[in-house]
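The values are calculated or read from the model by the stated rules, or taken from the named source; none is laboratory data. None of the values given here were measured: they were computed from a predicted structure. We place every Cβ from the backbone using ideal geometry, glycine too, and count neighbours over all the protein chains shown. Heavy atoms of the whole protein, side chains included, go into the accessibility calculation; ligands, DNA and RNA do not. Shrake-Rupley method; radii C 1.70, N 1.55, O 1.52, S 1.80 Å.
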Amino acid sequence: MNDIADEDQPLLIEKSTNRSVIDISGNFLTSSQDSHSHSYVQAVFVVNFHVKHANTLEWQHPNDINLLSIEFKSLPSGLHDVESDFVYFKLNDSYCVACFNRLKTNDKAERNAKMCSIGIMMNNYEGLVQHLEFLSVESRRFNRGEFDKTRLLQFFSEFSHPKTDSQISFHSTFRPFSTSFIEFIQYFGPSVFTIWKSILLKQRILLFNKAPISSLSNRSGWCKGLISNHVWNKLGSETCASLFHVSIAEHDFISKSSSYIACTTDRIYSEKESLWDIFFEGNKFKTSKKVKYLNPTRGDKLRFNKLWKEINNVSSDRRDSHAIKYFENLTNNIWEKLIENYEEKQFQSKLYVYQLSNVGFHWSDFNFVRRMINLYETPIKLRYCPCC
């Protein structure tokens, strides 16, 4: 793979030293904790495609781990069109990545191709990226008939326990995904603020595109980067759950989810409006009938242009961290402004648009802020001006 993260990539998650924060996996952390440094492998598995038996779990370790349905999650629709790829997905309360390889053959009984995925399950997804290269190599070896479970068992032995502080070798330049945050922002343009607002409003966000699924997985993951490190406060901190890739077979599960961020290669989801609030096809989106206020506003476009100019004025090795910090500040500003009004006046107070403009907001954000106030049940009345 050409896009594996390396040690020279910029730091994406800057944690405050004097307050509690939320990391991009949505977990509550104190300022002294570091989620990716405590990642560990829970299972390793091999999924193979058989002409007669379809997707099959060929091998797993340990044997007592429940990997029900992993054979379908590891070889989702669309992968047969690419030579190599990887897919992130959630299984129960754990996170997985499976590296896919397709090898052309002259065997008509195999439909002229061998296809497999080799993957791992971990306690959080921020540690998955460091193992992509190893898993990709092993999937190619499997299709060439060079599979040796000894290598996977040695791998599991090495990474199946959380590292102690003295064993942690992560550099400060650790990146949780194999593409940059800047690439994510550039891809969506001003609509990145639509995603940001939708996450804070606890909505259901579904990204669709054709394979390669790796691009979708990265974008789905980076959505949570838009609210990394926001202040833990009494208004509530739980936002959209990161599900990563979902197939149409997970229709029932999705239907019971009140808020999520996910991606899919099954276009049929586009027609199932009851399952999502906002649906992206590439970087274009549509909303369900009950959501009519998420088109990029003038404020979104102004913020995007300002952010992009700022990014271009910092060194390339600091651009991701700068953008992450920008969204962290923007998120904290709206939280803190609501808290400030709530704490100063326990009874119903008024908040004016001009007060929000002091912290990076625009009058066109009025509907969004009003929905934030309603969602988190703060006793605040939002007004355009004191005369209203």
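Overview of values
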item: Test for Phe188: is it within 30 Å of Glu133 (Cα to Cα), at pLDDT 95 or above and touching a Cys at 6+ places or on another chain (Cβ under 8 Å); result: no
item: Index of the failed condition, Thr164 passing every other in (1) buried (at least 16 other Cβ atoms within 10 Å of the Cβ); (2) modelled with pLDDT under 95; result: (1)
item: Verdict on Asn332 being assigned to a helix (DSSP H, G or I) and either at pLDDT 90 or above or open to solvent by 20 Å² or more (accessible area, probe 1.4 Å) (or both); result: no
item: Residue in the range 25-41 that is open to solvent by less than 40 Å² (accessible area, probe 1.4 Å), outside any loop (DSSP other than H, G, I, E, B) and at pLDDT 95 or above present; result: yes
item: Residues of the range 207-226 that turn out to be of a type in the set (A, V, I, L, M, F, W, C) and within 8 Å of the chain's Cα centre (by Cα), as a count; result: 2
item: Single residue of the range 248-267 satisfying the filter (among the charged types (D, E, K, R) and open to solvent by 60 Å² or more (accessible area, probe 1.4 Å)) that is farthest from Leu330 (Cα to Cα); result: Asp252
item: Test: residue in the range 2-15 that is aliphatic (A, V, I, L, M), over 24 Å from Glu133 (Cα atoms) and modelled with pLDDT under 80; result: no
item: Among residues of the range 268-292, those that are under 20 Å from the mean Cα position of the chain (by Cα), open to solvent by 30 Å² or more (accessible area, probe 1.4 Å) and either within 27 Å of Met121 (Cα to Cα) or of a type in the set (Asp, Glu) (or both), counted; result: 1
item: Tally, over the range 270-325, of residues that are under 16 Å from Arg204 (Cα atoms) and of a type in the set (A, V, I, L, M); result: 4
